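Data first, discussion second: the structure below is written as structure tokens.
Here, each number is a calculation from the coordinates, and none is a lab measurement. Quick caveat, the model's predicted, so the values are computed rather than measured. Don't worry about glycine lacking a Cβ; one is built from the backbone with ideal geometry, like all the others, and counts go over all protein chains shown.
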Amino acid sequence: MTGPARLLALPLVAIVLVAGVIGVQLAHGGGTYEPLRPADACVERTVTSQVDGIEGLTERLVLLGVSDAACALGVSREALTLELAQSGDRTSAEIDALRDGLRSAVGRMKADGTLPRASALTDEALDSADLNGLLERVIRAVPDSVIDKALSTDDVLLRAIDDLDLRDLLANLDDQGDLEQQVEAAVTGAVKDALEARVRGLM
Amino acid sequence: MRRAVGPLLAVTVAMVLADSAVVTLALPDILQNLDASVGEVAWVLIAYNLVLGLSAVPAAAGLTRGQPRVVTAAGIALFAGSSAWCALADSIEVLIVARCLQAIGGALALVGSLELLVEERGERRGLGVWVTAGVVGTAAGPVAGGLLTQAISWQAIFVVQVPFAALAVPAALAVRAAPLRDPDRHRPAVRANLTLALLSAALTAALFLVVLLLVEGWGRSPATAALTVSVVAAAALVAGPLAHLLRPPPQVEIAAGCFLVAGGLAGLALLPSSDLAWTIAPQALVGLGLGLTVDRLTSQAMQMRLPRARHAGWTIGARHLGVVAGLAILTPVFTADLQDAQAPAEEAITALVLDAPLPPQDKIAVAKALGAALAGERGQVPDLSRAFATLDLDADRRPAAARLERDLDAQLERAATRAFRDSFLIGAALALLALLTLVPVRRRRTT
């Protein structure tokens, strides 16, 4: 091997090897292998649920509501979820954003036709409600059309959201029983208020 | 006995240098077993390298004051005894003290073995065996430590060294070496030792951080990690034949080696996924660079310089203080990056759980189990499999949960890989800095 060849051969081999390895890695996404970045909370997303009925409706409402609240607060949906999962006091801004978010979620679901009619939720609501047997049978006998005329789902939900003590609710996220009790009380109250308003309207 | 002297001394040299990185894969086990913190357990590595680096030159001076074979045998015996003590340590403090003693014994064993090998094999071959044993030990240390930890326990790393070192004691005593009378004729080779120190700091990223990434970041077993990083040792062996084939001048060989180490570390910073196969080529580059540089630089720093043991002490000092500098630079960077990686990883996990095709009650159960798993980790990458194992899900929901677990693990692997990126890039920069030290400096002529 000649002098210049001896001088250049190994450096050239090294350059080719390094360039080859780094080139192949970059071509396969090297440098961008990072954790998933949270989506912009202000960009509208499609939300689905694996279950039907009240549970599915609640899940979709909460997911849309949290996204909307996160957008208003200028954080990601995930950051707000993690924040809400922590124990501690909530700021008024968080509570207001969450209530507004849930309200706008109801509006969005009504607008895109994904909000079920009240009659579709009655049987399930009656199953979980602690009602007098006779009263329960009477309500079950009421035709769906009458229920849907008397109660509109969005009206009930908006009243329930307004009635909910979100600060107290968020402080007790770990207590499933307490959580269900609070939501049930708010929904029952909302149904009562909606019916009263309806009757007052008829009068 | 006489035929076994050379191999036993070479094995001792390899063991002492392997000990620099041998416990890397055992650190998680030591942390758990001795109930230590991450900061304390890092000192198992740092203490050994620091004491070895600082005591190498004094050890060489000590060699001239007594019979080389006796001093060497005493050093090897101290190394053997303190290795046994390391295995018996029942607290992190005891382990760190034992590691310091092991390093002092190791320093005496290293410089003494060089003199005895030269006495046995002659200047050229003796130095060659000493340098090669050192390179093999450095490259094979993490592999051996990982395999022993996985197969037996972290204590086994120290136990297996004891019989080899014990056998090397009579082997050292069997060499008839005259007392060293060489005066300080030559100055230390500053440039070669500086390059060696910078390169050792860079290699810290490859030898320590890769195994941490594989075991802690990607959740691979120590044995798998050991086999994966063995690429470095295998590639280092190819370096010799490659240099022989292309016959570059020594400085060109070292420069190309530094560039390969820098390129390999940059490759490790740009991994496209957590598939082990992607680590092979960058590690091979690092191994090739290691093989081209370390033995050549060590020879350059020692050849034709007397007293030999003193200059060996300088190279050992440069290498191990380089390792300590590497650890001192890289440890805070990657621990801070791991900390910073926590928030994006948690957000990614939250996004996947929120959007998982599971009923709300199952999502809540998953979130609670994950929360408990994350809270239980002490600044380490969490093991999510335990959280999923505690879930009581319907049979038809299990495939979706299994898919979610895989996706979450992938997010953690992405976060961990990203957290190591800066450290690998700093390692690459250190290797390039080592390359810069090779640029000839022209002295201005005074007229």
Mind ordering B:95-108, B:65-78 by average Cβ neighbours within 10 Å, highest first? B:95-108, B:65-78
For a quick check: sort B:Phe424, B:Phe164, B:Phe334 by the number of other beta carbons within 10 angstrom, fewest at the front. B:Phe164, B:Phe334, B:Phe424
Cysteines without a disulfide-compatible neighbour (Cβ-Cβ under 4.7 Å), the protein assembly as shown: B:Cys86, B:Cys100, B:Cys258
Which residue fluctuates most in the GNM of chain A (Cα springs below 10 Å): A:Gly53, A:Gly74, A:Gly20? A:Gly20
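In percent, how large is the relative contact order of segment B:1-179, given Cα pairs closer than 8 Å and 6 or more residues apart? Spell out each step's value before the answer.
Values: 304 pairs, mean separation 73.9, N = 179.
Averaging sequence separation for qualifying contacts and normalising by length gives 41 percent for segment B:1-179.
Taking a ≥ b ≥ c as the square roots of the Cα gyration tensor eigenvalues, with a/c under 1.5 meaning rounded and otherwise prolate when a/b beats b/c, else oblate, which class fits segment B:120-209? If you can, show how the numbers build up before the last one.
Values: a/c = 2.84, a/b = 1.23, b/c = 2.31.
Cα axes put segment B:120-209 in the oblate bin.
Other chains near B:267-279: what is the mean number of their Cβ atoms within 10 Å of each residue's Cβ? Write out the running numbers ahead of the final one.
Working: counts 9, 3, 4, 10, 6, 10, 5, 1, 1, 0, 0, 6, 0.
If you average over the peptide's residues, the count of other-chain Cβ atoms is 4.
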Anyone know which of B:Gly128, B:Gly137, B:Gly287 comes out most mobile in the 10 Å Cα GNM of chain B? B:Gly128
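How high is the relative contact order of chain A? Use alpha-carbon pairs under 8 Å, at least six apart in sequence, and give a whole percent.
Values: 155 pairs, mean separation 34.1, N = 203.
Answer for chain A is 17 percent.
So what's the net charge close to A:Asp144: Lys and Arg +1, Asp and Glu -1, counting the other residues with Cβ under 12 Å from its Cβ?
Values: positive: A:Arg117, A:Arg140, A:Lys149; negative: A:Asp123, A:Asp148.
Spelling it out: positives minus negatives among the neighbours equals +1.
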Classify segment B:1-57 as rounded, prolate or oblate, taking a ≥ b ≥ c as the square roots of the eigenvalues of its Cα gyration tensor: rounded when a/c is under 1.5, otherwise prolate if a/b is larger than b/c and oblate if not. oblate
Ranked from highest to lowest mean number of other Cβ atoms within 10 Å per residue, what is the order of the peptides B:349-362, B:200-213? B:200-213, B:349-362
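Given a Förster distance of 25 Å, report the FRET efficiency between A:Ile95 and A:Thr48 from their Cβ-Cβ distance, rounded to the nearest 0.05. Each step should come with its number before you reach the end.
Details: r = 27 Å, r/R0 = 1.09.
Working from the Cβ atoms, E equals 0.40.
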To the nearest 10 degrees, how steeply does helix B:398-436 sit against the main Cα axis of chain B, on a 0 to 90 scale? 30 degrees
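Ordered by packing density, taken as the mean number of other Cβ atoms within 10 Å over each peptide's residues, highest first, how do A:36-42, A:138-144 rank?
Details: A:36-42: 15.6, A:138-144: 10.9.
Descending mean neighbour count gives A:36-42, A:138-144.
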Taking chain B as the reference, fit the longest principal axis to its C-alpha atoms, fit the long axis of helix B:68-88 to the helix C-alpha atoms, and give the angle between the two in degrees, 0 to 90, nearest 10. 20 degrees
With a cut-off of 8 Å between alpha carbons and a minimum separation of six or more residues, what is the relative contact order of segment B:253-402 in percent? 15 percent
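Other chains' Cβ within 10 Å of B:280-287 residues: what's the mean? Walk me through the numbers on the way to the answer.
Values: counts 1, 7, 5, 0, 2, 6, 0, 0.
Mean number of neighbouring Cβ atoms from other chains: 3.
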Principal-axis tilt of helix B:92-121 within chain B, Cα atoms, nearest 10 degrees: 40 degrees
Can you grab the distance from the C-alpha centre of segment B:1-45 to the C-alpha centre of segment B:302-350, Å, no decimals? 16 Å
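In peptide B:402-413, how many Cβ atoms from other protein chains are near each Cβ within 10 Å, on average? Can you show the working numbers first?
Numbers: counts 0, 0, 0, 0, 0, 1, 0, 0, 2, 3, 1, 2.
Mean partner shielding for this stretch: 1.
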Could you state the number of Å between the C-alpha centres of segment B:251-288 and segment A:141-158? 69 Å
As a footprinting exposure proxy, order A:Arg117, B:Arg3, B:Arg176 by other Cβ within 10 Å, with the fewest listed first. B:Arg3, B:Arg176, A:Arg117
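Rounded to the nearest 500, what is the protein assembly as shown's calculated 222 nm mean residue ellipticity when only DSSP H runs of at least 4 contribute -39500 (n - 2.57) each, over all residues? It would help to have the intermediate numbers written out before the result.
Numbers: 26 runs with 491 residues, N = 650.
Rounded to the nearest 500, the figure is -26000 deg cm²/dmol.
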